[in-house]
1. Among 241, 266, rank each residue by its count of other Cβ atoms within 10 Å, from fewest to most, as a rough exposure measure.
2. What is the spin-label model distance, in nm, from residue 1 to residue 136 if the labels are put 7 Å beyond Cα along the C-beta direction?
3. Label region 1-74 by shape, choosing from rounded, prolate and oblate, from the square roots a ≥ b ≥ c of the eigenvalues of the Cα gyration tensor; if a/c is under 1.5 it is rounded, and otherwise prolate applies when a/b is larger than b/c, oblate when it is not.
4. Taking 8 Å as the Cα distance limit and 6 or more residues as the minimum spacing, I'd like the relative contact order of region 126-189 as a percentage.
5. Mean separation of Cα pairs under 8 Å and 6+ residues apart, divided by the residue count of the chain: what relative contact order is that in percent?
6. What's the ranking of 164-171, 97-104 by average number of surrounding C-beta atoms within 10 Å, highest first?
7. Relative to the present Cα-Cα distance, how much length would full extension add between residue 76 and residue 304 at 0.36 nm per residue of separation?
8. Indicate the gyration tensor shape class of region 45-176 (rounded, prolate or oblate), computed on the Cα atoms with a ≥ b ≥ c the square roots of the eigenvalues: a/c under 1.5 is rounded; otherwise a/b larger than b/c is prolate and the rest oblate.
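Derivation of every value follows stated rules applied to the coordinates shown; laboratory data play no part. All values derive from a computational prediction rather than experimental measurement. Methodologically, a virtual Cβ is constructed for each residue, glycine included, from the backbone with ideal geometry; neighbour enumeration extends over all protein chains shown.
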Ligand SMILES: Nc1ncnc2c1ncn2[C@@H]1O[C@H](COP(=O)(O)OP(=O)(O)O)[C@@H](O)[C@H]1O
Ligand SMILES: [Mg+2]
């Protein structure tokens with residue numbers, strides 16, 4: 001079977017004037033593409049590297065692959081992750097992972113939260129601010145609050161200033177997000193407590209892998225600490241798997257992750273980010289239907305914890321898609 005590979009490389013993106021410094025954060029390093037290609041081959045498939053959406057368009061007529069392993073993040077806007085899946089759907093080529101709709105509603109955190117609420121999935125109270133108007137109607141929320149861009153990932157726009165204690169800090173951060181990231185700001189109640197992220201794989205039924213706990217500065221009780229863009233490059237943040245929690249807590253978090261995955265109609269693989277407050281109430285922050293598969297990221301930490309290799313994990317995800325498409 002021949003597997004196409006679609007991706008966006010960090011090296012293909014040239015920062016433009018007016019771009020925030022983290023503009024290329026989501027894109028993959030060439031080494032990640034190399035190791036994924038090797039991992040697919042080691043599972044007995046041949047690989048054709050296709051590239052990004054523009055490359056796919058160019059090769060559209062001449063593609064001969066049985067399935068595409070898509071990790072393309074797309075270039076701009078809230079539909080960016082949906083571009084390659086939409087083209088593949090048009091061409092009638094099966095692909096690994098969520099479809100354009102699921103990717104679009106998850107990347108837009110406001111849309112995702114509306115779905116969570118409709119499904120009874122707990123998520124922090126929130127308000128979206130579109131422009132630089134006066135910030136009103138916050139009475140349903142209590143400081144501290146948290147400000148993030150409405151449709152970014154990879155902790156883009158998140159620094160120590162994202163958690164705000166009062167109206168002045170809030171206004172400043174909202175203005176910063178709107179002007180730098182050129183999109184509405186999502187204001188949420190800050191969930192003080194602990195943080196988990198859950199890798200989910202497969203379909204009918206999806207399987208939550210052992211949950212991962214986020215440790216920052218050596219602490220699991222994060223209280224006011226959170227994941228910033230800066231943490232991606234330093235070693236203050238660590239993924240702990242298995243998470244040192246009771247069986248009951250593990251099950252509660254894992255079940256919530258699977259419910260979220262199903263609510264968004266994720267496929268083959270995904271990752272759900274959850275904060276738990278000091279009373280033990282969990283809140284879903286977001287779902288990533290296209291989580292990083294780099295060797296340093298969560299999926300590989302989980303693979304190690306369950307005795308799987310990187311190749312096994314990539315194979316498991318690919319085989320889930322092959323089975324879903326009934327290609328075997
Ligand atoms: N409401 C919140 N309360 C506390 N921390 C938050 C909240 N929202 C986000 N965070 C922190 O910011 C990080 C990134 O937010 P997230 O919503 O997962 O966006 P991204 O797409 O950038 O990963 C989370 O992992 C968490 O540490
Ligand atoms: Mg996240």
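1. Fewest-to-most Cβ neighbours within 10 Å comes out as 241, 266.
2. Between residue 1 and residue 136, the label points sit 5.6 nm apart.
3. oblate
4. That works out to 51 percent.
5. Relative contact order for the chain comes out at 18 percent.
6. Taking the mean over residues of other Cβ atoms within 10 Å, the ranking is 97-104, 164-171.
7. So the extension gain works out to 78.7 nm.
8. prolate
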